[in-house]
1. For the residue pair residue 29 and residue 116, what label-to-label distance in nm results when each label sits 7 Å from Cα along the Cα-to-beta-carbon direction?
2. Who wins for biggest fluctuation among 70, 111, 82 in a Gaussian network model of the chain, springs between alpha carbons below 10 Å?
3. Looking only at the stretch 62-95, which residues have a backbone nitrogen under 18 Å from a spot 7 Å from the Cα of residue 104 in the C-beta direction?
4. Please report the projected area of the chain's Cα convex hull averaged over all directions, in nm².
5. Convex hull volume of the Cα atoms in the stretch 35-100, per residue, in Å³?
6. Report the extension gain between residue 123 and residue 95 in nm, rounded to one decimal, defined as 0.36 nm multiplied by the number of residues separating them, less their alpha carbon distance.
7. May I ask you to sort 67, 122, 127 by Cβ crowding, counting other Cβ atoms within 10 Å and putting the fewest first?
8. Across bins of 10 angstrom width beginning at 0, how are the C-alpha pair distances of the stretch 74-126 distributed, in whole percent?
C-alpha cells in the first residue's frame, strides 16, 4: 500500500493531517473525527504532546508504542513512523511539527503536510531537526 501525503488545511493541523495520511482519509474527514474526540488543531497541546495523536490513531485501531522514542538514525526507524521535526522550546514548553516517515519498496521519504511546500513527499533528510536534537 502506498501512503499518500495529506495537506493540512489549518496552520496548526499537522498532527491531524499526519494521522489522515497513515489511515488513508482526507483532512476534513480526519478533522471531523478528531473534533468529535475533543481534538482540535488550534489546541497547542496537539503539537507539544503526543496524547492527542495517540488517541486519534487509537480510534482507527492503530496501536502506538507506550512511550516516545528518541531518534537514533534513519536506518533504525520502522517502515512507518510519526516523527517530531522542527522541535524547539517556547516559554519552557516543547513544540514540533508532525510528519510521517515511510519506507516503501526500499525508498524512504517523509510525508510533510505543510501547505506551502512544493512537494509534500520529502527526501531532504539532512534538513530535519528531530526531537533528539540531531538530524542524522
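Derivation of every value follows stated rules applied to the coordinates shown; laboratory data play no part. Just so it is clear, the structure is predicted and the values come from calculations on it, not from any experiment. A quick note on method: Cβ atoms are made from the backbone with ideal geometry, for glycine too, and the neighbour counts reach across all protein chains shown.
1. 3.0 nm
2. 70
3. 78-83
4. The orientation-averaged projected area of the Cα hull of the chain comes to 8.1 nm².
5. 105 Å³
6. 7.8 nm
7. Ranking 67, 122, 127 by Cβ neighbours within 10 Å, fewest first, gives 67, 127, 122.
8. Calculated over all Cα pairs of the stretch 74-126, the distribution is 23, 49, 24, 4, 0 percent.
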